[in-house]
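Heads up, the thing below is written out as structure tokens.
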Amino acid sequence: MNTASIDNTVVRPKGLVKAKLSRDDIIMRGGMIVIALYLVISLVFPLYSMFSKSFSTFQYDLSKFEVQVSDDAGQFSPKITNLQNLNEDLKAIPDEELSTGSGGRLGVTIFFPDFSFRSPVMYRIRNVDGQGRFLVGSKLMTGTDWQELDSNTFRRVQLRPVRSTGLSNFINYFSTPALFKSIQNSIFIAIISTIITVILAFWFAYALNRSCMRFKGLFRLIAMAPILVPSLLPGIALVYLFGAQGVMKGLLFGASIYGPIGIIIGSVFFTFPHAFLIISTALAISDGRLYEAAISLKASPWKTFWTVTIPGARYGIISAAFVVFNLVITDFGLPKVIGGQFNVLAVDIYKQVIGQQNFEMGAVVSVVLIIPAILAFAIDRVVQSKQVALLTARSVPFNPKPSSRADLIFTIYCGLVGLFIIGMLGICQFAALIKFWPYDLSLSLNNYQFDKMDGGGWGAYYNSIKMALLTALIGTCVIFFGAYLVEKSSGFKTGRAIFQMFAMLPMAIPGMVLGLAYIFFFNNPENPLHIVYGTMTILVICTVTHFYTVSHLTAVTALKQMDSEFESVSASLKQPTFKLFSRVTVPVCLPAILDIAIYLFVNAMTTVSAVVFLYSPKTSLASIAVLNMDDAGDIAPAAAMGMMIFYTNIFARVIHLTLSKGVLRRTQAWRSSN
Amino acid sequence: MKFNFGFFKSLAVGSLLATSVFADTELTVYTAVEAEDLSRYAAKFNESHPDIKINWVRDSTGIITAKLLAEKNNPQADVVWGLAGTSLLLLKSEGMLEPYAPAGVEKLDSKFVDGDNPPAWVGMDAWVAAVCYNTVEAGKAGLTPPTSWKDLTDAQYAGHLIMPNPNSSGTGFLDVSSWLQLFGEEGGWEYMDALHENIARYTHSGSKPCKLAAAGEIPIGISFAFRGAKSKAAGAPLDIIVPSEGVGWDMEATAIVAGTSKLEAAQKLVDFSVTKEANEMYNEGYAVVAYPGVAKPVEHFPEGLIEAMIPNDFEFAANNRARILKEWQSRYDGKSDPK
């Protein structure tokens, strides 16, 4: 008996006193649940389908087939033999060979050691129930009626497997050296590319932040250019630079660009801006007092570099390394174009799914690829959370001093890196304008007749723009609103933590894996959402989800700068939260919102990996067209289309810049102190 | 609430519907026909059937086959027009084709028509393997032109050969299946083991080896004759070599996908696909077509190619496809792997 029954005249509230939820709170929680639901449907469910697919196997279920054999005169004995029993007696096929792929076929004569196609013996075969399937020639038999066949036809009977679950896909994967080797290859190129990119980007960022060299703005612009092209494009550039007809193939001394060398050079190109941005941010913040102390302690510049500069930037460097590692190991476009016979995990997924129609194995490789991707992502998050404020109120900003020798060296260095980036882009544009490389070097616009080639023609280009605009618009709204709800709503701690977790997850999921997961989830007729399969909608959903995390973090950072007092004040003034949201929050955060929009736009223009499994004839994209034209051997048109993406992204950037400037003037006047 | 969700909703729905309401009937047609021929095919068909709009889904044979098999329980295609016969046999064995005897099918060469009645598929034309040989680059490398498949295993060609990966390319698969038929199961794999030593790399699509040879990226590309003839016409310094042992071939064929909601329009398209005028249209790119007496010589097409076509066992190819591809992958995929 509890206290309530003793003192039953007074009703006491149990537990903690909870504040009554206001209408605003309910709306905000509702909104958060809606966006969380979006992430569940567009991310969690598809991934779950993919995981379950990797355990879906195909087995020959011999117990599903029955046979009867006649004597030489064609008289059948009444004895019906089940193939399973027959196999147990004969041991014709060991159990482990009964597992197969979805396309598996098993000739039935293996169970009849004295079979001869010339013999007058007749055979009957049937399925025991509706689950059995076999072929006579190429005709599919699913019924349970007896099929009576002469010996010569009976040899054309092929059993088909049925679906079951188990670990045999994984066992199969790890026992196939050609597949297994890809893990090693992927990690190898990712590590080498990471080391090279981080070193190159570090010195580039160092030059821009810690020297007094000239043209810093120009170099910064050039360094960001690779972000504006699909990762396929550096591959194409390398074909023209170092391929058999390449203008600079002598530099390779006979080595082939098709393979790890090509993948690494291309990876350095397309990951450079990412590493540069992160390290540059780390180097931009530094405390001048530490350098003054170093000078007064008479430390050599070398020692100062290792004891002050590197420790100050270490979180940035580590973070950059893991971001680059993740980008390289999950990239599909570059190894597809330039990888030759050097197999990597992301291309294996494509080959398994597209080449061999082995969806189960594609899912297995995806699971394998997720592991390093999630590890790199997790380490990066841990490192970032350790990053503490280096700048305190007493810090003195570090100002580099001019030094003609160092500045000259840095200018030359940055010039070389800039030349590499511009050269890669320039050769693509040049090749795109050549009539028939290398035999007819006259200029022509033939390579721009995309409608005559694979990949979707000019329509694909317009689709890309449409898709990128929709992604930017819808994505920015969903992501910013989601970030606002999670940042500014009160209470509901568990819900917010779960939401944060969902929002971070997309970054750890490689694009290929996401795309494949979408096939499994959305191309299932029992799923009411399968109507979006093959439409623009699924491309937009997939792209928004794929690039959710970075946009979310941008929004959260901007929102964190706003004091939560605004919410309190608005509540005490009895103003609905959404009035605050539209009148204060959105205008204040407009620069961040525009940043999210341009980030989504540019990535939607260049993404290949996530959408390569999802496009349909009406929704082919420019980046997919680059891939398909290269696949068909139309390399110059592929370069031309890649450069169209580049120019479109530059155009979008210019608009973004203009808008940002206008917005800053109109809504950010309060930021300037006077 | 100031936030206007309705606008975004209508945008999302709009993007979903915007493209699906025009024309009278729209057929989604999956094909592996070369992209540059597709608009010509559609235009010709629309001359007699202006009310049916064709939406092409074009990709290499392996990809289209994969796509169809992946969509087995939720077919997106109405018609397959121009896909390898081997692939169509595969689809038939999955029960994915709607049998239909198009008007005038009896006029076609019987080896181009499925044996069942009504047939599950009807053939259009044949494409035939050949070797594209870049005379300029081969001269630079000091090669002598090969005359047979066996020649290609000669050490002088090491690193100078490219062929399509049979796992993704129909042309690659017809090469492999023809070698297995020509040299026997054991001899075929022995031959490929030797050939593998000379291959620089395997490509994803069947036309790429010839285009790479045309562009001088490699001296020799194992591809198909039609592609070679086109690249040669475009000005590439190519010789198209017909190996003396005989060459593999596959046909392109047409079929209705079971479960289509536009059966009538689909039947009209298949009816058109077997007409004489359709076959004349195929003949612009293919030397061998299903309608007897239509074929005219194609420019730059190698002589003696038709005589060199092996008697191809499609059922063998289709029913052993999975096994052959698995074996091929375990032997040769990952050229850099130690064996």
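Bear in mind these aren't lab numbers, they're just calculated from the coordinates by the rules spelled out. Keep in mind it's a predicted model, so treat the numbers as computed, not measured. Neighbour counts are summed over all protein chains in view; Cβ atoms, including those assigned to glycine, are modelled from backbone coordinates with ideal geometry.
Evaluate E = 1/(1 + (r/R0)^6) for A:Phe420 and A:Asp451, where r is the Cβ-Cβ distance and R0 equals 41 Å; express this FRET efficiency to the nearest 0.05. Efficiency at R0 = 41 Å is approximately 0.75. Rounded to the nearest 20 debye, the dipole size of chain A about its Cα centre is 2840 debye, using +1 on the Cβ of Lys and Arg and -1 on the Cβ of Asp and Glu. For the stretch A:172-432, just say rounded, prolate or oblate: build the C-alpha gyration tensor, square-root its eigenvalues into a ≥ b ≥ c, call rounded for a/c under 1.5, and beyond that prolate if a/b exceeds b/c, oblate if not. Since a/c reaches 1.5 but b/c is at least a/b, the shape of the stretch A:172-432 is classed as oblate. Taking trypsin sites (Lys or Arg not before Pro) across the stretch A:367-455, the ones in a DSSP loop with at most 16 further Cβ atoms lying within 10 angstrom of their Cβ are A:Arg394. Between amide H atoms placed 1.01 Å from N, distances below 5 Å from B:Val247 occur with B:Met309, B:Ile310, all of them 5 or more places distant or on a separate chain.
At 222 nm, what helix-only mean residue ellipticity would the protein assembly as shown give, in deg cm²/dmol to the nearest 500, using -39500 (n - 2.57) for each DSSP H run of four or more? Helices in the protein assembly as shown give a 222 nm mean residue ellipticity of -16500 deg cm²/dmol. Look at the dipole of the protein assembly as shown built from charges on Cβ: of A:Met605, A:Asn185, B:Ile218, the Cα furthest out on the positive end belongs to A:Met605. Lysine pair count for the stretch A:172-432 with Cα-Cα distance under 26 Å and sequence separation of 8 or more or different chains is 8. Other residues with beta-carbon under 12 Å from the beta-carbon of B:Asn55 carry, at +1 per Lys or Arg and -1 per Asp or Glu, a net charge of +2. Can you classify chain A as rounded, prolate or oblate using the Cα gyration tensor, where a ≥ b ≥ c are the square roots of its eigenvalues, rounded means a/c under 1.5, and otherwise it's prolate if a/b beats b/c and oblate if not? Judged from the Cα gyration tensor, chain A comes out oblate (a/c at least 1.5, b/c at or above a/b).
Exposure proxy for A:Ser151, A:Ser366: other Cβ atoms within 10 Å of each Cβ, ordered fewest to most, give A:Ser151, A:Ser366. Here's how it looks for A:Phe65: its modeled amide H is under 5 Å from those of A:Leu83, A:Gln84, A:Val128, which are all 5 or more places away or on a different chain. Put in order of Cβ neighbour count within 10 Å, fewest first, the listed residues A:Arg214, B:Arg321 become A:Arg214, B:Arg321.
Charged neighbours of B:Tyr157, selected by a Cβ distance under 11 Å, balance to -3 (K, R count +1; D, E count -1). Extending 7 Å from Cα along the Cβ direction at B:Lys72 and again at B:Thr135 yields two label points whose distance is 5.0 nm.
Using a Gaussian network model of chain B in which every pair of alpha carbons under 10 angstrom is joined by a spring, one finds that among B:Gly248, B:Gly142, B:Gly259 the greatest mean-square fluctuation is at B:Gly142.
In the stretch A:172-432, taking the dipole from charged Cβ atoms about the Cα centre, the farthest positive-side position among A:Ile349, A:Phe398, A:Ile318 is held by A:Phe398. Could you tell me which of A:Thr494, A:Val337, A:Val654 has its Cα farthest along the dipole of chain A towards the positive end, charges placed at Cβ (Lys, Arg +1; Asp, Glu -1), taken about the Cα centre? Of A:Thr494, A:Val337, A:Val654, it is A:Val654. Could you calculate the contour length gain from A:Ala284 to A:Leu86, that is, 0.36 nm times the residue separation minus the distance between their Cα atoms, to one decimal place in nm? Extra length available between A:Ala284 and A:Leu86 comes to 63.7 nm. Put simply, the stretch A:146-242 fits an ellipsoid with semi-axes of 57, 18, 12 Å; these come from the alpha carbon gyration tensor as the roots of five times its eigenvalues, largest first. Please check which bits of the stretch A:394-409 a label hung off A:Arg214 would reach, taking the label as a point 7 Å along Cα-to-C-beta and the cut-off as backbone N under 12 Å. Correct set: A:408. How many angstrom lie between the C-alpha centres of the stretch B:215-291 and the stretch A:152-182? The two parts, judged by their Cα centres, are 33 Å apart.
Put a plus charge on the Cβ of each Lys and Arg, a minus charge on the Cβ of each Asp and Glu, and nothing anywhere else: the dipole of the stretch A:172-432 about its Cα centre is then about 800 debye. Ordered by the number of other Cβ atoms lying within 10 Å of each residue's own Cβ, fewest first, A:Asp331, A:Asp380 fall into the sequence A:Asp380, A:Asp331.
Rounded to the nearest 20 debye, the dipole size of the stretch A:447-668 about its Cα centre is 920 debye, using +1 on the Cβ of Lys and Arg and -1 on the Cβ of Asp and Glu. Backbone phi angles across the stretch A:61-71, fed through the Karplus curve with coefficients 6.51, -1.76 and 1.60 (θ = phi - 60°), yield HN-Hα couplings of 8, 5, 5, 8, 10, 10, 10, 9, 10, 9, 7 Hz in residue order; Gly and Pro are listed as x.
Extents of the stretch A:447-668, taken as max minus min of Cα coordinates on every principal axis and listed largest first, are 66, 47, 26 Å. Taken over the Cα atoms of chain B, the convex hull encloses 175 Å³ per residue.
Measuring against 30 Å, Cα to Cα, the residue pairs B:Lys230/B:Lys326; B:Lys44/B:Lys208; A:Lys618/B:Lys268; B:Lys276/B:Lys326 contain B:Lys230/B:Lys326; B:Lys276/B:Lys326 as the ones spanning a longer distance. Convex hull of alpha carbon positions in the stretch A:487-589: directionally averaged projected area 8.7 nm². The overall shape of the stretch A:47-112, judged from the alpha-carbon gyration tensor, is prolate: a/c is not under 1.5, and a/b is greater than b/c.
Treating each Cα of the stretch B:75-125 as an identical point scatterer and summing with the Debye formula, the log10 of I(q)/I(0) at q = 0.27 Å⁻¹ comes to -1.23.
Count Lys and Arg as plus one, Asp and Glu as minus one, and take only other residues whose Cβ is under 15 Å from that of A:Ala406; the net charge is then +4.
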